[in-house]
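None of the figures in this text is laboratory data; all of them are computed from the coordinates on show. All values derive from a computational prediction rather than experimental measurement. Every residue, glycine among them, receives a Cβ derived from its backbone with ideal geometry; neighbour counts consider all protein chains shown.
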Amino acid sequence: MEMDARKTVILQAIIRNYLETGEPVGSRTISKDTDLNLSSATIRNEMADLEEMGYIEQPHTSAGRIPTDKGYRFYVDTMMEAKDREMSEMKDVLLERQDRLEDMLRSVVKLLAQDTKYGAMITAPSTHSNKLKFIQLSRVDTAHLLAVIVIEGNVIRNRILTTQEELDEETVLKLNMLLNTQLSGVPISEINLSMIAAMKQQAGIHSGVIGEVIDAVAEAISEEDLQVYTSGATNILRYPELADNEKASQLINTFEEKALLGDLLTPEGTEGESETGIQVYIGSETKVQGMQDCSVVTASYELGDGLRGTIGIVGPKRMDYDKVVGTLKQLRTKLDDLYRNG
């Protein structure tokens, strides 16, 4: 007998249910769990074939089935092959999207500066979702693991974990299966002590690795690499009140300090924005020291998939607020289309 697509789906459903409940799995459960639209009798026949092939076993008469080591092996290999393929495809797509995104942001900020005659800045979007898609552990050597953590929005983070024990490939595969079964699609805020304790119990002597992975996930989700693109800094110097040497030098230096701009353009820095998504800072209200003789208008934008960034305009306190706010309102509604159709 061959392992065809239908048997594969049924075996995967048996293993998923058994991992979640620890109880033998019957045909009725499988009929509810899958979209195969098969009768219980047909599923029982397929389960009998899987048992004959050595992938599942029946621990008690009239009980459901549980996976054998051979069944676990097939499940893990199939899952990891799919994840490897998904990861490869995702990286290709992300590289293409990243190149397109950078080109778009550079063009947008340049056009914004030209249109408003002020300084303009925009952050690359970052994910503000805290939902985990999947984790892939791979051995680097006997004492280190590479943890590839994929967050909703297809944000990829890598972490090297130092282990206190030697882990063989078999153990790493089982840990991958355990972690993804329990954590895939779960928000980090919902990963609680009881869930971690249950995973550690299932991991047995390898429970320490589970704790290290959870710490890495929390760190990866909180990490943001903020990129800021700017244009039109010299536009501000056209205004006499900002053109003296000291103020001009301070403004130019501030535009070059992306970390300072990040304090203004991060979601925490824009938390006071209005219902329209626009925030106006006038003079000393501006958190950035080098811009306290200016006005700064910011607007958040979204590109879908939990991705969010911020646009900012810097000008004199007598800037044309109506024009700036109107321009930002229009732009924030167009960015998603520009990105996806650009």
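Placing unit charges on the Cβ atoms only, positive for Lys and Arg and negative for Asp and Glu, gives the range 5-67 a dipole magnitude near 140 debye about its Cα centre. Taken about its Cα centre, the range 132-222 carries a charge dipole of about 240 debye when Lys and Arg each add +1 at the Cβ and Asp and Glu each add -1 at the Cβ.
May I ask you to sort T68, T142 by Cβ crowding, counting other Cβ atoms within 10 Å and putting the fewest first? Write out the running numbers ahead of the final one.
Working: T68 16, T142 10.
With the sparsest Cβ surroundings first, the list reads T142, T68.
A convex hull fitted to the Cα coordinates of the range 5-67 yields 73 cubic angstrom per residue. For the range 5-67, relative contact order (Cα pairs under 8 Å, six or more residues apart, normalised by length) works out to 39 percent. Summing charges over all other residues whose Cβ lies under 10 Å from the Cβ of G64, with Lys and Arg as +1 and Asp and Glu as -1, gives +1. The residues packed around L237, meaning those with a beta-carbon under 11 Å from its beta-carbon, carry a net charge of 0 if Lys and Arg are +1 and Asp and Glu are -1.
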